[in-house]
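A short write-up of the structure that comes next.
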């Protein structure tokens with residue numbers, strides 16, 4: 001849970017801006033989107049393998065340079 005304590009004399013807009021920054025860094029929206037629908041475990045594994053292959057190819061490209 002993201003919390004922001006409003007300091008004495010602080011403007012509400014500034015506290016709201018700090019809250020938004022903490023909220024983005026905590027990845028709350030990303031987590032909500034990820035859990036908004038069900039993905040089969042086999043599909044998750046397939047996507048993870050695909051992502052790993054792309055990552056390996058990208059790093060191999062940098063090693064050639």
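Rounded to the nearest 10 degrees, what's the angle between the helix 41-64 long axis and the longest principal axis of the chain, both from Cα atoms, 0 to 90? So the helix axis and the longest Cα principal axis differ by about 80 degrees. Ordering of 57-63, 28-34, 13-19 by packing is 13-19, 28-34, 57-63, highest average first (other Cβ atoms within 10 Å, averaged per residue). The angle between the Cα long axis of helix 12-26 and the main principal axis of the chain comes to about 20°, on a 0 to 90 degree scale. The calculated 222 nm mean residue ellipticity attributable to helices in the chain amounts to -23500 deg cm²/dmol, summing -39500 (n - 2.57) over DSSP H runs of n ≥ 4 and dividing by all residues.
Bear in mind these aren't lab numbers, they're just calculated from the coordinates by the rules spelled out. Being a predicted model, the structure only gives us computed values, none of them experimental. No Cβ is skipped: glycine too gets one built from the backbone with ideal geometry, and neighbour counts run over all protein chains shown.
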